[in-house]
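Everything on this sheet refers to the single structure shown next.
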Amino acid sequence: MIETPMRNADALWRPMTQYRTSAQPMLVERADGCMVWDAHGNRYLDAMSGLWCVNVGYGRREIVEACAEQMQRLCYASPLRPATVTLELARKLASMLPGLEHTFFTNSGSEAVETAIKVARQSQHQRFPGESRFKIIARYRGYHGWTLGALSATGQVNRKRRFEPLLSGFVHVGPPACEDCAAGIHERCASDPIDEIAKRIRYEGAETIAAIIAEPIIGGGGVIEPSADYFPRLRELCDAHGMLLIADEVITGFGRTGKMFAYEHWSGVQPDIVTLAKGLSSGYQPIGATVVSRQVFAQFYGDAAERREFSQLSTFGGHPVAAAASLANLRIIEEEELVQQSARLGDIAKRIISEWSHPAISQIRGKGLMIGLEMARDGKRFSEAATDDVIARVKKQGVLIGRNSATISELGNVLTIAPPLSIRDDELEIVLAALKAALQPVRDGQ
Ligand code: PLP
């Protein structure tokens, strides 16, 4: 047996961590607003909102009180005899997502994606009884979660390969934008990502495809934005072939990109299914949601003997305390106009960063407070280690930012910045000042 020394924090098996070579983790003790304190009392400005999720900031009394009150009144209800507060949240989501009227609740983003995949398969099976529409098209560089279905949809080899073979019936196409253009390796691309999808549909056979799943802006894969016509054309393609469009808004939802939902950036783009988590409760409680159109819901309608219903049950899905937290969170997002704030501060941040004209930032991407910086100089991408050095120097100044880690080898060179949408202007200045200082040695060629 291999000897594994037991260090201080090793009782906790942390994700994506090599215990032999990694340092002990930063343990977080408490948080308030945009600030978090580690176990030694050091304070950091969390410019990643945890994991892209604490949209309203930490320590919100309204949410804490809503949870406590709900726990006292009704701590649990079976999804078969649901809590009134869970219905209230479903109605709230229906009012926020016109055309999408029915919500199935789960406990995480991955489960929301699992649900979307199963809903797509079953509804297409029942809509086209003579056909076998089960395939899901997904994009390389996209991330959809860690459970086997969501991981099968994910297009990041380093998250997947130790678990392969994954589920069959997933077809991957290229990301919405070219990484070599982003890194300045070449200037213009002849390839068109929507043409590629159209070709793939032809090769696979439209009558075998249930849906395409896409993050409106790829998040953990490196903040990859589509061109302005990408989603309108994708919607047309879906309509032409009877395919469902699943918008994975787990990161982008609830104001992160400067719209309540990111698909709203492109007019006429109406998804058939939307997956939500993270900002739905701002991380105060675990919750995921899969919201579907009336047309999709209608495929599950029929006589009892037909068994068209959706046979999935999650013990904790739509948990009343998570629903209460989400409602209180959505109230804050609306009352404090955090969506508009995200758009405004995101524009300011990107303008300031572009004014630096930094030779090692080859592209500034993202919308609202979802920002990605492609680190490449003279057509050469930063290594993961060099990108991590920048992150470490930012941290030394008391600010936490992130990177697209463990996705695809050679492409882990994107810095990510996604602070709470409630961040103050002066706090954003602190983030940018730390970043600028951390990039100075790179500018100086060190
Ligand atoms: N979908 C997207 C776009 C995500 O970014 C994530 C997580 O980061 C997931 C799904 C999975 O969510 P969770 O980690 O809550 O299971």
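Things worth noting here:
- Cα gyration tensor, segment 315-372 - rounded (a/c under 1.5), prolate or oblate: oblate
- Dipole magnitude of the chain about its Cα centre (Cβ charges: Lys, Arg +1; Asp, Glu -1), debye to nearest 20: 600
- Value of relative contact order over the chain, rounded to a whole percent, pairs C-alpha under 8 Å and six or more apart: 22
- Trypsin sites (Lys or Arg not before Pro) within segment 293-376, DSSP loop, no more than 13 other Cβ atoms inside 10 Å: Arg307
- 222 nm mean residue ellipticity, helices alone, for the chain (DSSP H n ≥ 4; -39,500 (n - 2.57); rounded to 500): -11000 deg cm²/dmol
- ³J(HN,Hα) computed for each position of segment 357-362 - Karplus, 6.51 cos²θ - 1.76 cosθ + 1.60, integer Hz, glycine/proline x: 6, 6, x, 9, 9, 7
- Sparsely packed GluC sites (Glu not before Pro) within segment 380-434, loop by DSSP, other Cβ within 10 Å at most 14: Glu410
- Debye intensity ratio in log₁₀ form over the Cα atoms of the chain, taken at each q of 0.08, 0.11, 0.13, 0.14 Å⁻¹: -0.46, -0.89, -1.24, -1.42
- Based on Cα contacts under 8 Å between residues 6+ apart, segment 17-102 shows a relative contact order of 15 percent.
- Estimated vicinal HN-Hα couplings, Hz - segment 238-249 in sequence order (Karplus 6.51, -1.76, 1.60; Gly, Pro = x): 4, 4, 5, 10, x, 8, 8, 9, 9, 9, 8, 9
- In the distance distribution for segment 21-103, Cα-Cα pairs more than 20 Å apart total 59 percent.
- What you get for segment 53-175, charging only the Cβ of Lys and Arg (+1) and of Asp and Glu (-1), is a dipole of about 460 debye around the Cα centre.
- Annotation: amide H of Ser282 within the under-5 Å range of Asn55, sequence separation 5 or more or interchain, hydrogens built in the peptide plane.
- Amide H contacts for Arg30 (H built 1.01 Å from N in the peptide plane; partners 5 or more residues away or on another chain; cut-off under 5 Å): Trp37.
- For segment 291-360, GluC sites (Glu not before Pro) are listed when DSSP marks them as loop and at most 11 other Cβ atoms sit within 10 Å of their Cβ; the list is Glu309.
- ³J(HN,Hα), Karplus 6.51/-1.76/1.60, whole Hz, each residue of segment 297-308, x for Gly, Pro: 4, 4, 5, 9, 9, x, 6, 3, 5, 6, 6, 8
- Between the amide H of Arg141 and those of Gly155, Gln156, distances stay under 5 Å, these residues lying 5 or more places away or on another chain, with hydrogens modeled in the peptide plane.
- Exceeding the 26 Å Cα-Cα cut-off - candidates Lys278/Lys350; Lys199/Lys259; Lys160/Lys396; Lys92/Lys278: Lys199/Lys259; Lys160/Lys396
Since every read-out is calculated from the coordinates, none of them should be taken as a lab result. Here the structure is a predicted model, which is why all the values come from computation and not from measurement. Cβ coordinates were reconstructed from backbone atoms using ideal geometry, including for glycine residues, and neighbour counts include every protein chain displayed.
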